[in-house]
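**Student:** Sharing a structure, written as structure tokens. Questions coming.
The numbers here are math on the coordinates, done by the rules we state, and not lab data. Worth saying up front: this structure is predicted, and the values here are computed from it rather than measured. Note that each Cβ is placed from the backbone with ideal geometry, even for glycine, and that neighbours are counted across all protein chains shown.
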């Protein structure tokens, strides 16, 4: 347990020591929130959808978590190239504990990112249901764990940072755009709804939207159940692949 705590703390220190990283990771979600929220807001309202900022904010919060969580995996490649990973792996600690510590650290950082985006969204007019904030935080944690484990799994297979970024961009952007973060599922072609229903982030976004504004496409139990199962599966895959890293 000490090893898990140390690795978790190390991830947090890395994040909060870099002010430029914090600012940079907020800039993209803020741009989406402002540009899309106010740009498409009048059109969305005329179409009978109501306040677009209210609809969009949960998706942008999930976006902030997604990007931070997935790209935390690049630190494994960085540590491998500079020899830090070798020092960690030769320690008298199981690789499972190392993986859990790194994943929890990356997920905590991603959750912190989501909270920052949530606070920023309040400044631009987002008004969440305050009594459901704990449920929203639960979904933020599940999203962070899921995609941190995914980033760890993919980084465990690679030793090139450029290759990791290319693969992540190929996966992350479709995952985000097909999650219902920017548009409702109602009225979409059936094929697109089916694809989006297989996207794990869709259940995270829908859960956040249910918690914060009381509107959702799936039920609360479906969102929680699906995300929990996928988190367990990805954690298991990430642990297995991390255990196979050659140093």
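**Student:** In vacuum, with every alpha carbon of region 120-247 counted as one equal point scatterer, what does the Debye formula give for log10 I(q)/I(0) at q = 0.09, 0.17, 0.20 Å⁻¹? Two decimals, please.
**Tutor:** -0.31, -0.96, -1.18
**Student:** Which order do 205, 70, 135 fall in if you start with the one that has the fewest other Cβ atoms within 10 Å?
**Tutor:** 135, 70, 205
**Student:** What ranking, highest mean first, results for peptides 34-40, 236-242, 114-120 when packing means the other Cβ atoms within 10 Å averaged over each residue?
**Tutor:** 114-120, 236-242, 34-40
**Student:** Let me ask you something else. Would you order 159, 206 from fewest to most other beta-carbon atoms within 10 Å of each residue's own beta-carbon?
**Tutor:** Going from sparsest to densest Cβ surroundings: 159, 206.
**Student:** What ranking do 72, 94 get, fewest neighbouring Cβ atoms within 10 angstrom at the top?
**Tutor:** Least to most surrounded, the residues fall as 94, 72.
**Student:** Still on this structure, I have one more. Within the P(r) computed for region 136-175, what percentage of the Cα pairs occupies the region above 13 Å?
**Tutor:** Summing the P(r) tail past 13 Å for region 136-175 gives 58 percent.
**Student:** Right, here's the next one. So how far, in whole Å, is the C-alpha centre of region 183-247 from the one of region 122-149?
**Tutor:** Centre-to-centre distance over Cα atoms comes out at 14 Å.
**Student:** Would you please put 26-33, 57-64, 100-107 in order of how densely packed they are, using the mean number of other Cβ atoms within 10 angstrom per residue and starting with the highest?
**Tutor:** Highest-to-lowest ranking by the protection proxy: 57-64, 100-107, 26-33.
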